[in-house]
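Worksheet: one structure, shown below.
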Amino acid sequence: MKITMADIYRQEHIDDPYPLYRRVREADPVYWDDKMGDDGAWMVTGYAAAQTALMDPRLSARRPHWGPDRLPADPELASAQRAIDQQIVVSDAPEHTRLRQHLTRPFLRRRVDEMREDVVRLTHHLLKAAVAGESGELDAMDRFAFALPAVSLAGVLGIPAFDERYLSWMLSLGLLIDDGPLSRTHHEKLLGGVVEYLRFFAGHVAERPGKGAAGRRQDLLQTLADHYTGGGFADAEELNGNLAFLLTAGQISTAHQIGNTLLHLLRHPDVYDRLRADPGAVPAATAEFMRYDASIQLTKRRVREPFELGGHEMGPGQEIYVWIGAAHRDPEQFADPDRLDLDRAGVRHIAFGHGAHYCLGARLGQLVHDVAVQAFVERVPAPRLRTDKIERSVMPTFRGPYKLPVGFGR
């Protein structure tokens, strides 16, 4: 039977995709899979090919399945689809350059470093509350990994820290970005969730006063509202679509990466003991954790002009799936890649992307991750997994647990 990455949606590969990645990569690190995409697509699973695909300007970040000829008939759903198609993650220069200039300020090194004390304080507050009960058990995702980046990003954006609707909206947008079987089966229902998401941001942007007015706030929404009224965004769809992407990508990717790291700490007691003895070593270990099990496993590109990759000629319009998680286990780049090794030297992961599309929030995401993991090894006594069956994201683009039951105490 011919191997296909379409099997990634089977439960066994949702639980552990790495054996499938290995089989596809061994067949060919740049593999034509006629069961993926609309009419077949290239599967890039090798590290060198993945780096090239993420860097080369002859490849576009645009997604062909979101073209104007595929818009829903309903005007609100069509507007939501256009908003998704104008997000920075699927834009090319010059639009990508313009959007990046508008969205960068809150994520600059100085601004992120100024947030450290607040992130540390919030992290320890959340963990103190989580372990204060008599049960000796906590859900490390619900009570901690999801809550921490949500509050941090809410502060950056200037929106309420907790809203029970966020997760539902993020799931709708995430599934549409993934474009897997669930997305294609429930496309319009998921777009309905994105409509609500965009209304939420439109309402908050509308509340921001204009330049020179009283009551202005020091947050990203105020900055972007100023850019919007100054002509910095093409339209409200572009502005609100990018706000939804920032919250979704920052929240889900950071929360899942915290969850993935905690899970592997608990499955590797020697690694946990090492970091428990020296929590200050966590930041240096993060690159290996992200290589070993990244929360972002997949991104896509489309061929603009004839292009050669891995010895294959690719034609204009063909789609390329760049499997980041597979590239991270390429033995040509990483010796003994299926081993979690904190002593691995020079880990150059691509979990934050590579090139022009390198993640805007990478520094903030790593800060939140590192503080969370440090606090966990410091404050949670004798943690242990309550079950081997972990409830995970059903889409390969975003990999991580939704529930992570942890027992603790002697």
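Each Lys and Arg adds +1 at its Cβ and each Asp and Glu adds -1 at its Cβ; summed about the Cα centre, segment 340-410 shows a dipole of about 220 debye. If a/c stays under 1.5 just call it rounded; otherwise compare a/b with b/c (prolate if a/b is bigger, oblate if not). Do that for segment 312-410, with a ≥ b ≥ c from the square roots of the Cα gyration tensor eigenvalues. It comes out prolate by the Cα gyration axes. Need the list of aspartates and glutamates near Lys403 for cross-linking: C-alpha distance under 18 angstrom, and skip anything on the same chain fewer than eight residues off. List returned: Glu12, Asp15, Asp16, Glu137, Asp139, Asp142, Glu164, Asp293, Asp388, Glu391. Straight Cα distances below 24 angstrom link Lys35 to the lysines Lys2, Lys300, with same-chain residues fewer than 8 positions distant left out. Would you mind counting up the charge near Tyr228? Only other residues with Cβ under 11 Å from its Cβ, with Lys and Arg at +1 and Asp and Glu at -1. Here the charged neighbours net out to -2.
Only the Cβ atoms of Lys and Arg (+1) and of Asp and Glu (-1) were treated as charged; on that basis the dipole of segment 5-407 about its Cα centre amounts to roughly 1000 debye.
A Cβ-based charge dipole, computed about the Cα centre of segment 232-294 with Lys and Arg at +1 and Asp and Glu at -1, lands at about 340 debye.
Between the residues Leu71, Gln11, Gln374, the greatest Cα displacement towards the positive end of the dipole of the chain, with unit charges on the Cβ of Lys, Arg, Asp and Glu, is found for Gln374. Calculated FRET efficiency, Arg23 to Asp56, Cβ-Cβ distance, R0 = 30 Å: about 0.70 to the nearest 0.05.
When the Cα positions of Asn240, His187, Leu265 are compared along the charge dipole of segment 140-265, Leu265 comes out farthest toward the positive end, with charges on each C-beta of Lys, Arg, Asp and Glu.
Span-like helix criteria (full DSSP H runs; alpha carbon extent of at least 30 Å along the helix axis; mean Kyte-Doolittle hydropathy of at least -0.5) are satisfied in the chain by 236-267. Peptides 387-399, 305-317 ranked from most to least packed, by the mean per-residue count of other Cβ atoms within 10 Å: 387-399, 305-317. Summing charges over neighbours of Pro306, with a neighbour being any other residue whose Cβ is under 10 Å away from its Cβ, gives -1 when K and R count +1 and D and E count -1. Centre-to-centre separation between the Cα atoms of segment 20-92 and those of segment 251-292: 30 Å. Taking every C-alpha pair closer than 8 Å and separated by at least 6 residues, the mean separation divided by the residue count of segment 1-117 gives a relative contact order of 14 percent. Take the alpha-carbon centre of segment 1-18, take the same for segment 128-148, and report the distance between them in whole Å. When both Cα centres are located, 32 Å separates them. On the basis of the beta-carbon distance and an R0 of 25 Å, Arg199 and Ala234 show a calculated FRET efficiency of 0.85.
Contact order, relative form, for segment 5-407: 27 percent (alpha carbon pairs under 8 Å, 6 or more residues apart, mean separation divided by residue count). Stretched out straight at 0.36 nm per residue, the stretch from Asp278 to Ile14 would grow longer than its current Cα-Cα span by 91.8 nm.
Overall form of segment 5-407: oblate. Here a/c, set by the Cα gyration tensor axes a ≥ b ≥ c, is 1.5 or more, and a/b is not larger than b/c. Ignoring aspartates and glutamates fewer than eight residues from Lys189 along the same chain, the ones with Cα atoms less than 13 angstrom from its Cα are Asp74, Glu76.
Between the listed residues Ile84, Pro337, Ser152, the Cα displaced farthest toward the positive end of the dipole of the chain, a dipole computed from Cβ unit charges relative to the Cα centre, is found at Ser152. Mean-square fluctuations from a GNM of the chain, with a 10 angstrom spring cutoff on Cα atoms, peak among Glu319, Glu164, Glu332 at Glu164. Using a Förster distance of 45 Å, how high is the FRET efficiency between Ala356 and Ala132, based on the Cβ-Cβ distance and rounded to 0.05? After rounding, the FRET efficiency stands at 0.50. Modelled spin-label separation between Thr97 and Ala48, with each label point placed 7 Å from Cα along the Cα-to-Cβ direction: 3.1 nm. Sorting the segments 186-192, 266-272 by their residues' average number of neighbouring beta-carbon atoms within 10 angstrom, most packed first, yields 186-192, 266-272.
Taking other residues whose beta carbon is less than 12 angstrom from the beta carbon of Met1, and scoring Lys, Arg as +1 and Asp, Glu as -1, yields +2.
Laboratory data are not the source of any read-out in this text; all were calculated from the coordinates shown. Keep in mind that this is a model prediction, so the values were computed, not measured. Heads up, the Cβs are rebuilt from the backbone with ideal geometry, glycines too, and the neighbour counts pull from every protein chain shown.
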